[in-house]
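Remarks on the structure that follows.
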Number of protein chains: 2
Amino acid sequence: MALIVHKYGGTSMGSTERIRNVAKRVAKWVRAGHQLVVVPSAMSGETNRLLGLAKELSPEVVTPSIQRELDAIAATGEQVSVGLLSIALQQEGMEAVSYSGWQVPIRTDKSYTKARIQSIDDARVRADLAAGRVVVITGFQGVDEDDNVTTLGRGGSDTSAVAVAAAMKADECLIYTDVDGVYTTDPRIVPEARRLHTISFEEMLEMASLGSKVLQIRSVEFAGKYRVPLRVLSSFTPWDIDIVEEAKSGTLITFEEDEKMEQAVVSGIAFNRDEAKVTLLGVPDKPGIAFQILGPVADANIDIDVIIQNVSQDGKTDFSFTVHRNDYARCLDLLKNTVGPAVQATQVLGDPKICKVSIVGIGMKSHVGVAAKMFRCLSEEAINIQMISTSEIKTSVVIDEKYMELAVRALHKAFDLDQEAA
Amino acid sequence: MALIVHKYGGTSMGSTERIRNVAKRVAKWVRAGHQLVVVPSAMSGETNRLLGLAKELSPEVVTPSIQRELDAIAATGEQVSVGLLSIALQQEGMEAVSYSGWQVPIRTDKSYTKARIQSIDDARVRADLAAGRVVVITGFQGVDEDDNVTTLGRGGSDTSAVAVAAAMKADECLIYTDVDGVYTTDPRIVPEARRLHTISFEEMLEMASLGSKVLQIRSVEFAGKYRVPLRVLSSFTPWDIDIVEEAKSGTLITFEEDEKMEQAVVSGIAFNRDEAKVTLLGVPDKPGIAFQILGPVADANIDIDVIIQNVSQDGKTDFSFTVHRNDYARCLDLLKNTVGPAVQATQVLGDPKICKVSIVGIGMKSHVGVAAKMFRCLSEEAINIQMISTSEIKTSVVIDEKYMELAVRALHKAFDLDQEAA
């Protein structure tokens, strides 16, 4: 008997018919002798509908006290889901009980709309499991120390599921989703992309942060922190698929670096078009200049990703960095009107038409020349590299947006990702 | 400065445009110097939509554990409402905060789908009011001692509003609804029906229990128990109607029996078609027979209203009572198959085509001949009276359903209810 956490996305919960299928799948796992905790998302479209109503009333102004209400409103989507799923489970002959985040409770900090889970009290859930019940817990939400409802941000149900699995010391957390696992890259761009049977936690973290949308990055961080065995698998298989087959489908995110992974130098290619580049030209090259530039940007709550400072010429340097495209206009404004003049930049430039392409692989730790191979491949395709950023297990380049597909396809082939690892 | 509770029904909350109007009305009261607590219902249609989803999954079986989920699901309707109204109030420049029942908390017993409020902790709400905030609290719901969400049953938001007003010792509780007050009878049946400026609590209780749908009966009971001044008024007036005019509109439910009320012997005519009659013929007339019949009916959770036992003939008697039409088939079954044979009834009869018509008036306490006048009036219309039931301030008759409108119109005229009281 194992303790298993299942997480189902909004598509799986999209209608009562689909909810019934989720219940049948969960019941199959219970009948196979497991204890089940299920974390479903809101029915697809529901969160948008609810926030749309709020937006009709408050199109622009978003103060903390309005964010508090947005969270309370959005959280009801999952509260309906868990109730419906619990009913469906009971109709399947299971004993089941649903809880909202505040009932568990799942405690978070007070950051409305992007709260972080601080603790989960497992006593009530554990008592239910011991009594033979399936426990259905709302994803996406928690409650702060003053009993205000908070939400974890988009995709937060993944994080909820992993956090619950961590708190319960579950044997495995299964994330049912509309893709059947983690791929070497997006199959819509590279038809030869292969599903990975396993991926290391660190690689998954890079893939998630670099734009692979399979899992919310914070759920991967959580899984890593608490070493929760995490599996991403398809919610589109028939509910009555053989449980042994189902249990080994999808992609398992692992913590052991086994031999096979050592052999695959690069596990996947990630990419995103969500960033924009800004550059300050002719900045005096003196100590503290980076802080003088980036301090005000951080104060404006703008996240910075890749940063490049060129070598100095005549005591002057060029300073570039990337920000999320949503922050691009605001950031450029800030640089042109405030930061640029303050640091005596000769010019402020911006370019939103960039993309970031990354190779990710835990094998890069022990292999030299991987980055060089990447640059050669791009050079052979005549793609100019604008910025480079590296970590132990990934190398990212910023290039012109229009070369993105070409770069991803070329790299996928260059690193033999279309071939099953030996 | 007064502390005022406003309650708005689902129609008033039916769209973001209407919610904005509610916010403007509330803001007007705040700007006039009052402290406001607002209890809104779910957006119209929302509770039915939510329960409809649940019903798709569980068409028949309703166990306590499924009822628990129904309550958690249905309660989200009001949770969305309060969030939206709080946002709308903030857009009007008010400080506002919303709470679900569990956050106040509003404690109830554990009777899912028809819970009763046991206590309300006013500390959090009072602190907000003191800080200048409008407090928006979900109607219809509370939380039991084990933090399970409960609902109060249909129309429960009226009760919530009155209970909050009682706990806060509010100066007045204003129930905004889609009628502009309490009428002498239903204007759809008697066009001459008049709006009452005031009605006594006891009369209102009878009117509510006898089928007048203006207020949920438990809200009236609550108002009576805690002497909450309660006003029913129209939500269809423009939000910017003069506040002095608004404050005296509708119908005030009072606790003082003033002279005017003493003069009006009958204040209103109530009626309903929700009941059905069952009769056991030829039952032995011996001590304990009523209990032998009604005990099993009560055990089957069937509410009984009017009861008649005819005079005995040859040691046998006929025993009739009315039940809600929803329970009619089940009750008739029980009598035919179990109770009837057990008490040796010669026959079991049933008639769902009945109605109950009642005259209500606190003046009946001190006036004789009121019931006789009622019976004479019906007799003049050749309407046969099947059952009679009386209390200090009302007389009810059960008659053939097809005479209902005729009886109501004739009684309305006979008691001069179309004339303003002198």
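Quick look at the values:
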| read-out | value |
| --- | --- |
| All positions within region A:260-311 that are of a type in the set (A, V, I, L, M, F, W, C), assigned to a strand (DSSP E or B), touching a His at 6+ places or on another chain (Cβ under 8 Å) and within 11 Å of residue A:322 (Cα to Cα) | A:276 |
| Identity of the residue in region B:54-67, touching a residue at least 12 places away in the same chain (Cβ under 8 Å) and out of contact with any helix residue (DSSP H, G or I) (no Cβ under 6 Å at 6 or more places or on another chain), that ends up nearest to residue B:83 (Cα to Cα) | B:67 |
| Test for residue A:121: is it out of contact with any helix residue (DSSP H, G or I) (no Cβ under 9 Å at 6 or more places or on another chain), more than 7 Å from chain B (Cβ to nearest Cβ) and modelled with pLDDT of 95 or more | no |
| Any chance residue B:320 is under 23 Å from the mean Cα position of the chain (by Cα) and either outside the structural domain of residue B:171 (by TED's automatic domain parsing) or in contact (Cβ under 8 Å) with a residue 60 or more places away in the chain (or both) | no |
| Residue in region A:235-249 that is surrounded by 19 or more Cβ atoms within 10 Å (Cβ to Cβ) and within 28 Å of residue A:396 (Cα to Cα) present | no |
| Counted residues, region B:343-374 - those being free of Cβ contacts under 8 Å to residues at least 60 places away in the same chain and touching a Pro at 6+ places or on another chain (Cβ under 8 Å) | 0 |
| Residue A:301 being surrounded by fewer than 17 Cβ atoms within 10 Å (Cβ to Cβ), of a type outside the set (A, V, I, L, M, F, W, C) and in contact with a strand residue (DSSP E or B) (Cβ under 6 Å, 6 or more places away or on another chain) | no |
| The lone exception for residue B:382 - which of (1) among the aliphatic types (A, V, I, L, M); (2) part of a loop (DSSP other than H, G, I, E, B); (3) in contact (Cβ under 8 Å) with a residue 40 or more places away in the chain it fails | (3) |
| Which numbered condition residue B:105 misses (of (1) within 14 Å of chain A (Cβ to nearest Cβ); (2) out of contact with any Asp or Glu (no Cβ under 7 Å at 6 or more places or on another chain)) | (2) |
| Checklist (1) touching an Asp or Glu at 6+ places or on another chain (Cβ under 7 Å); (2) among the basic types (Lys, Arg); (3) without any contact (Cβ under 8 Å) to a residue 12 or more places away in the chain applied to residue B:213, failing item | (1) |
| Inter-residue pairs, beta-carbon under 9 Å, first outside the structural domain of residue B:202 (by TED's automatic domain parsing) and in region B:217-244, second of a type outside the set (Val, Ile, Thr) and modelled with pLDDT of 95 or more, 6+ apart | none |
| Those residues of region B:356-396 which are small (Gly, Ala, Ser) and buried (at least 18 other Cβ atoms within 10 Å of the Cβ), in sequence order | B:358, B:361, B:363, B:396 |
| Looking only at region B:114-136, and only at residues there that are of a type in the set (A, V, I, L, M) and closer than 19 Å to residue B:40 by Cα, the one that is surrounded by the fewest Cβ atoms within 10 Å (Cβ to Cβ) | B:129 |
| Region B:2-25, subset more than 14 Å from chain A (Cβ to nearest Cβ) and not in a loop (DSSP other than H, G, I, E, B), residue surrounded by the most Cβ atoms within 10 Å (Cβ to Cβ) | B:7 |
| Residue match in region B:35-49 (condition: under 13 Å from residue B:239 (Cα atoms), under 27 Å from the mean Cα position of the chain (by Cα) and among the charged types (D, E, K, R)) | no |
| Selection from region A:48-98 of residues that are assigned to a loop (DSSP other than H, G, I, E, B) and either touching a Cys at 6+ places or on another chain (Cβ under 7 Å) or within 8 Å of chain B (Cβ to nearest Cβ) (or both) | A:58, A:61, A:63, A:95 |
| Residues located in region B:27-47, provided they are in a helix (DSSP H, G or I) and away from chain A (no Cβ under 14 Å) | B:28, B:29, B:30, B:31 |
| Check on residue B:208, free of Cβ contacts under 8 Å to residues at least 24 places away in the same chain and crowded, with 21+ Cβ neighbours inside 10 Å | yes |
| So residue A:265, is it surrounded by 13 or more Cβ atoms within 10 Å (Cβ to Cβ), modelled with pLDDT under 95, more than 16 Å from the chain's Cα centre (by Cα) and more than 20 Å from residue A:185 (Cβ to Cβ) | no |
| Failed condition for residue A:175, given (1) more than 17 Å from residue A:269 (Cβ to Cβ); (2) without any contact (Cβ under 8 Å) to a residue 60 or more places away in the chain | (2) |
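The values are calculated or read from the model by the stated rules, or taken from the named source; none is laboratory data. No experiment lies behind these values; they were computed from the predicted model shown. Cβ atoms come from the backbone with ideal geometry, glycine included; neighbour counts cover every protein chain shown.
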